[in-house]
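We did not get these values from a lab; they are worked out from the coordinates using the rules stated. Since the structure is predicted, the reported quantities are computational estimates derived from the model, not experimental observations. No Cβ is skipped: glycine too gets one built from the backbone with ideal geometry, and neighbour counts run over all protein chains shown.
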C-alpha cells in the first residue's frame, strides 16, 4: 500500500496496525461467528469491548474515581448544548472563553439555554492568543467557566490548564490524549474521539460525579448526563464500532508509552514544523504567539502580509504530488495548516518539513 | 467461517458480502492511501460516500422531494427529544400512541419538553394490540400525532400506516426498510439504522421541508433539525463509518430487489415462524393478536399460562448449541423472541423453524 501523509484536521490518521486489526475482525469477531457490528449491545462479548475501552481511558488519562467516563454520540457539538442543560442552573451564570471558532460555538449554544457571558474574548487579537487565569472575568454566582484547550482553526493552545476558584469545563476535542489532564481543575472534560484517538461517531465525556447533583430532575433521557453515568453509557445502543476502534487505539497508545509518550511526540513533531517555519527567514510566517502555538494544528502563511495566495496554492499543489495531503488552511482563515495527531507517523512529519525546506529554498525571492 | 444464526433484536445481522466489502476497504479505501475513517468529512471522497448513502435512501424508500434526509447521531432516543423541540409549538399539543416500550419512551421525553398527551394506550391489553385510526384521540390544536410502527419488545406492528387529518410523526426504527412508507401521511419518519440497514451509530430522519417552518428560531445547533437539513448533515463531523456501511447495505438491498423484496421477505420469514407456532397444537403460543403480529420481532411462550420457564430455558440452551443465538425474550417480558431483519439469511430462519418443530415434538406432553 502506498500510504498517504495525511495532515487532515480531523478525522485523524490511525496507525496501520489498528486499521489491520479492525479489518481482520470485522467479518467474524474473534471466532464468534458474527461481526461485532451485528452483536447485541447487551451481549457479553460487546460488554467486554465496551468496558475495556472505558477502563483503558481511565488508565491512559489517569482519571480519578470521582469521575464518570461517558461514551456518547453527537460530537462535541451536542455537548455544547448538553453541558449547560445539565450544569447551568436557573439564576446562575456560566463564563465562556472565546478562544476561536469552537469556543464561540460553545458560547452560542449556552446562550440559547441559560445565562452565559463572555469571560474572555480573543477576537481583538484575531484569535492568535490565549488567556491566563488572571485575564478571565469570573462573576459571582458562576456555575462554571468553559475553555477550549486547543483551537484547530486558529492553531492556538492553552499552554497552562490552570485552576480557578470555581468549577471549570473544558473542550479538549483537538488535543485530547496529547497532554496530561489536571483533574482537580475540572468538573467536565470532553471531546470528540475523531482527532487523536479514534474514528468519528464517538464523544468522550469525563464528568465529576458531584457535578450532576444539582442537575434538573427531568431532562430528556438522551440529554441527561446522569442517565448515561448510571447506565455506563448503555441507556441506548452505543456507537459500538467507534468504541471498539477507540479501544484498539488506546492499546496502541499504551504500547507507545502512554500519554507521556504522546505528549513528547506532540512536542517533538510540532517543534519540527515550527523550527522549519522559524528557520525560513520569513518565507513562512506563523501568526500565532510563540507561547500559545498549538502542538496539534500548526498554521502558517507563505511570505509577506496576509500571505502570497499564488505561492500558497503552488505549495499545496506540489505537496499533494508528494502525497502530503490536507494541508490547506481552514476556509475561514486561508494559508497552510498541518494537523499532527497521535496516530500520524513521525516519518510523515519528516516528509513535510523536508518538502517545506526544499520549497522555501526554491521559491525564496532573495 | 462458522457463521452463527443471529436473532438479535438489534444491532442486526449484516450480509457477509457487506462485511467483506468493509474489511477489504477499511485499511486503504479504494486505493486512496488512507482509510475512510481517516478522511476529512469535507473531502471529495467522503462527500461522495455521504451523498451516495443519501441518494440510495431516497431511491430505496421512494422519498419525495418534499422531504430532507438527515443522517444524525444519538439514536431514535435523541429524536424523542429533538422532535418535540423542533415541532411542538407553545400553546399547542402532540398526541402520543403508547404501543409499547418505545412509544412510552417517546411520550416521556415529549412530556418533558411540551404539552404531550396520550392519544391511545395499549397498556390495558398488555401491549399486544395496535390502534386503528378511529381509536386515536386527536385533540384540537394538535401539532402532530406520534406513532411507533413496530414494537421490538411486545412484537406488535401497525398493519396499516394510516393517514389522519393532522400531521404525523412515526418511529420506524425496528421495521425501517421492510415496508413501503406512505409519505403523504407523515411529516417526520425516523429510526436508528442498526436493525435493518446498518451498524449502530446512525439515525435516519426524513423530515418534510415545510414541517420545520414553525420551529423555534434559536435551538442549540445540534438539536436544530433545520441546521442539519441546510448542511446535508455535515454541520459537524458525521458518523462516517456507519454512513459508509449503510450505503453498502442499501446497495445490497437494491440487488435483492429493493423494498418490495424486503417486504416480501419479511412476510415469508415471519410467516415461517408464526406458522410453526400455530401448527404446534398450543405448545408454542404467541400473545399477540394475529393482525398486529410483528414481521420483524416474533415473540412467543412455550406451553401453558405465562410460559413454562424451565422448558423455555431448555429451548434456549438447545438452540444455542445449534448456533441459534439471541432468542431470549426481553427481560421485561420473558419468553422467546426471534428478530428477523433484512440482513438475516432465510437459511437461518429455516434452521430455527426446523429446531422449533423438533423441540416441540420431543417435549410435548401428549
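Of note:
- Residue of A:140, A:287, A:180 that the Gaussian network model of chain A assigns the largest fluctuation, springs spanning Cα pairs under 10 Å: A:140
- Ordering B:248, B:136, B:268 by the number of other Cβ atoms within 10 Å of each residue's own Cβ, fewest first, gives B:268, B:136, B:248.
- Taking the C-alpha atoms of the stretch A:1-146, convex hull volume expressed per residue in Å³: 184
- A:152, A:13, A:357, A:346 arranged by Cβ crowding within 10 Å, fewest neighbours leading: A:346, A:357, A:152, A:13
- Modelled spin labels at residue B:135 and residue B:364, positioned 7 Å past Cα toward Cβ, are 3.2 nm from each other.
- Global form of the stretch A:306-348, assessed from the alpha-carbon gyration tensor, a/c cut-off 1.5: oblate
- Comparing mean-square fluctuations of A:77, A:125, A:286 from a GNM of chain A with C-alpha springs under 10 Å, the top value falls on A:125.
- Förster-model FRET efficiency, 56 Å R0, residue A:65 and residue B:311, C-beta, rounded to 0.05: 0.80
- Both numbers refer to the Cα atoms of the stretch A:64-213; Rg and Dmax are 14.0, 40 Å.
- Within 10 Å of each Cβ in B:316-327, the average number of Cβ atoms from other chains: 1
- The three principal axes of the Cα atoms in the protein assembly as shown give end-to-end lengths of 97, 57, 50 Å, sorted in falling order.
- Pseudo-label separations to other copies for residue B:278 - Cα-to-Cβ vector, 7 Å, nm: 8.0
- A label point on residue A:334, set 7 Å along the Cα-to-Cβ line, lies at 7.3 nm from each of its counterparts in the other copies, closest listed first.
- Cα Rg, Dmax (largest Cα-Cα span) when computed across the stretch B:258-363, Å: 13.2, 42
- Relative compactness, chain A, computed as alpha-carbon Rg over 2.2 N^0.38 Å: 1.02
- Calculated FRET efficiency for the pair residue A:118/residue A:165, C-beta based, R₀ 25 Å, to 0.05: 0.85
- Sorted by Cβ neighbour density within 10 Å, fewest at the top, the residues A:137, B:38: A:137, B:38
- The stretch A:16-255: relative contact order in percent, alpha carbon pairs under 8 Å with at least 6 residues between: 25
- Other protein chain Cβ atoms within 10 Å, averaged over every residue that makes up B:22-34: 6
- When residue A:311 is represented by a point 7 angstrom out along its Cα-to-C-beta vector, the spacings to that point in the other copies are 8.6 nm, nearest first.
- Taking every residue in B:75-81 and counting other chain Cβ atoms within 10 Å of its Cβ, the average works out to 6.
- Here the sum of -39500 (n - 2.57) over DSSP H runs of 4 or more residues, divided by the residues of chain A, equals -11500 deg cm²/dmol at 222 nm, to the nearest 500.
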